[in-house]
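This report concerns only the one structure given below.
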Amino acid sequence: MKSFAVAICAPSGVGKTTVAKRLIEGGEELLFSVSATTRGARPGEQSGVDYHFVSRDEFDSMVTNGELLEWAEVHGDLYGTPLANLEAAEREGKLLLLDIDVQGARQVMQARPDTVTVFLLPPSFDVLMERLQARASEDAARLRRRMETAKAELRSVQGFGYVVVNDRLEDALRDIRAIISAERRRLDRQAGEVEELRRRLLEELEA
Ligand code: 5GP
């Protein structure tokens, strides 16, 4: 099967990072795409695991050298997907799971139209507010900024391949796994394997 990327997008607070982590743990043969960012590490975050934490200069040179599949400014910091992540997934025969913002997803749709794009929606705006307020790591100004971004992002669903409502986490995970499972079976993604199987079946028939 040809490797492909799966981009999960959602307004801040919908639970995209939890969903991405659970999908990776679920052994779906997914490789988490570790992004580069100029944002500082939060307590508990590890460099090379959650993000590659880089300086503004380092980020700028990644952009200049064409090392990023996409990049965007989110909440005042820069975030980008190293192209090397795609190559690593291809090498390992895995799918690359991207946890990126809407601007980044649009760039990926252009650069890699075979990418599966999933937009997660909250069941209601009230739930979204509650989830954002429950985040201890945010000060009031950052929280307000995230709510504004979330409102704008709710309008950005256009152009995505799939929409999943994250009401109950387990249901959302089941839906996304089903999407990935169906996408793996697209003929254009497994043309080589299908041809091989067809040849074997015909040989069997003729034997
Ligand atoms: P956070 O700072 O909360 O980890 O992430 C802020 C936002 O940046 C989230 O919406 C996250 O999905 C997004 N993000 C993380 N990595 C990337 C990336 O490589 N590219 C883009 N465009 N957005 C990213």
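Listing for the model above:
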read-out: Separation of the Glu170 and Glu29 label points, Cα + 7 Å toward Cβ, nm; value: 2.7 nm
read-out: Solvent-accessible ranking of Met62, Met1, largest area first, probe 1.4 Å; value: Met1, Met62
read-out: Accessible heavy-atom area order of Val194, Val116, highest first, probe of 1.4 Å; value: Val194, Val116
read-out: Accessible area (Å², 1.4 Å probe, nearest 10) - Leu169; value: 50 Å²
read-out: Cα gyration tensor, segment 7-88 - rounded (a/c under 1.5), prolate or oblate; value: prolate
read-out: Residue order for Tyr162, Tyr51 - accessible surface, 1.4 angstrom probe, largest first; value: Tyr162, Tyr51
read-out: Degrees, to the nearest 10: 169-184 long Cα axis against longest axis of the chain; value: 40 degrees
read-out: Counting DSSP beta bridges with both ends in the chain, the antiparallel % (nearest 5); value: 30 percent
read-out: Where labels lie 7 Å past Cα in the beta-carbon direction, separation of Glu130 and Arg155 in nm; value: 2.7 nm
read-out: Paired Rg and Dmax values of the chain, which use every Cα atom, in angstrom; value: 18.8, 73
read-out: Exposure of Arg199 as accessible area (Å², to 10), given a probe of 1.4 Å and all protein chains; value: 110 Å²
read-out: Two-decimal Rg to Rh for segment 117-207 - Kirkwood Rh, Cα set; value: 1.28
read-out: Cα-based Lys pair tally, the chain, threshold under 22 Å, eight or more apart or on separate chains; value: 4
read-out: Value at 222 nm in deg cm²/dmol, rounded to 500, when DSSP H runs of n ≥ 4 in the chain each add -39,500 (n - 2.57); value: -14000 deg cm²/dmol
read-out: Degrees between helix 191-206 axis and first principal axis of the chain (Cα, 0 to 90, nearest 10); value: 20 degrees
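The values are calculated or read from the model by the stated rules, or taken from the named source; none is laboratory data. Worth saying up front: this structure is predicted, and the values here are computed from it rather than measured. Heads up, the Cβs are rebuilt from the backbone with ideal geometry, glycines too, and the neighbour counts pull from every protein chain shown. Just so you know, the surface numbers come from the protein's heavy atoms only, side chains and all, with ligands and any DNA or RNA stripped out. Shrake-Rupley method; radii C 1.70, N 1.55, O 1.52, S 1.80 Å.
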